[in-house]
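Asks: If you scroll down you'll find the structure; I have some questions about it.
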Amino acid sequence: MRRSRSSPAQPKESAFKNRVFALVRAIPHGETRTYAQIAQLAGKPCAARAVGAILHTNNDPQIPCHL
């Protein structure tokens with residue numbers, strides 16, 4: 001039996017992670033938000049640490065998380 005040489009499947013992003021990045025992208029230039037504020041806006045007010053962990057994985061130069 002031959003195996004396909006296609007690239008391995010990319011893990012799907014979680015809905016919460018996608019929501020966090022969408023909220024961060026929507027912050028106007030020059031303004032800031034705390035992790036707690038982003039968690040609140042994402043609908044999980046107790047998830048500030050999770051927001052921090054998500055933003056720590058940021059590889060998108062269009063999302064400057066720590067200036």
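Asks: Taking only pairs six or more apart or across chains, which ones have beta-carbon atoms under 8 Å, a first residue in the range 18-29 that is over 9 Å from Ala42 (Cβ atoms), and a second residue that is aliphatic (A, V, I, L, M)?
Replies: Phe21/Ile54; Phe21/Ile63; Val24/Ile38; Val24/Leu55; Val24/Ile63; Arg25/Ile63
Asks: Could I ask something else about it? Hey, Ala22 hits all of (1) over 14 Å from the mean Cα position of the chain (by Cα); (2) at pLDDT below 95 but one; which does it fall short on?
Replies: (1)
Asks: Moving on to the next point. For the subset of the range 28-64 comprising residues that are surrounded by fewer than 16 Cβ atoms within 10 Å (Cβ to Cβ), in a loop (DSSP other than H, G, I, E, B) and among the hydrophobic types (A, V, I, L, M, F, W, C), which member is modelled with the highest pLDDT?
Replies: Taking the candidates together, the pick is Cys46.
Asks: Working only within the range 15-60, note down all residues that are of a type in the set (Val, Ile, Thr) and touching a helix residue (DSSP H, G or I) at 6+ places or on another chain (Cβ under 9 Å). Don't jump to the end; show me each part of the working.
Replies: Filtering the range 15-60 for residues of a type in the set (Val, Ile, Thr) gives 20, 24, 27, 32, 34, 38, 51, 54, 57.
Answer for the range 15-60, where residues must be of a type in the set (Val, Ile, Thr) and touching a helix residue (DSSP H, G or I) at 6+ places or on another chain (Cβ under 9 Å): Val20, Val24, Ile27, Thr34, Ile38, Val51, Ile54, Thr57.
The values are calculated or read from the model by the stated rules, or taken from the named source; none is laboratory data. Everything numeric in this text was worked out from a predicted model, so none of it was measured. Ideal geometry is used to build each Cβ from the backbone, glycine not excepted, and the neighbour counts take in all protein chains shown.
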